[in-house]
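What follows is calculated from the coordinates using simple rules that are stated; it is not laboratory data. Predicted, not measured: the structure shown is a model, and the values here were computed from it. Virtual Cβ from ideal backbone geometry, glycine too; neighbours counted across all protein chains shown.
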Amino acid sequence: MIGLAAVGAIAGVLLVGVVVLVRRPVDARRVFRWSALAITVLVAAMLTPFTVDDSGAAAGYLLGVPAAAAMLPLVAQRIGRLTRAADVVAALVITAWGLLLGLGIGGAFLPAVVLLIASAASTGTPRTSANAQL
């Protein structure tokens, strides 16, 4: 189950990357942030039955910490301040949580970190086409 969730998350990240490259949205950072949250929540949903069977009541925070961290950049975006810092903090929290959990269920959350790093590194301006007239 963990492997399936991890492969699904990797496929989701690749799909988002291709969509951003092909469609070139005006605000790619927003696409990266929402996609990271969606992938994190879907991974948590896929792992919930397995985690509840294995850890019982602790499943709430085992799966909740990455989901809460993925929401942090969206809250910062809504407020309009420190969005890049929120992207980096969320990526660090999810990475640390994945390592803390011994790369068991936490490893399935790591692909979303790539999107958060891409959001932090993105300039926020769309790229111009190579065929654009100057």
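The orientation-averaged projected area of the convex hull spanned by the Cα atoms of the chain comes to 8.6 nm². Considering only V75, V26, Y61, the residue lying farthest towards the positive end of the dipole of the chain is V26, judged by Cα position with unit charges set on Cβ. Phi-derived couplings, Karplus 6.51 cos²θ - 1.76 cosθ + 1.60 at θ = phi - 60°, listed residue by residue for segment 66-72: x, 5, 5, 5, 5, 7, 4 Hz, with x used for Gly and Pro.
Contact order normalised by length for the chain, with contacts defined as Cα pairs under 8 Å and 6 or more residues apart; what percent is it?
Numbers: 158 pairs, mean separation 48.7, N = 134.
Over the chain, the number comes to 36 percent.
Between L42 and L4, full extension at 0.36 nm per residue minus the direct alpha carbon distance yields a gain of 12.5 nm. The separation of segment 68-120 from segment 9-50, counted between C-alpha centres, amounts to 12 Å. Relative to the longest principal axis of the Cα atoms of the chain, helix 2-23 runs at roughly 10 degrees.
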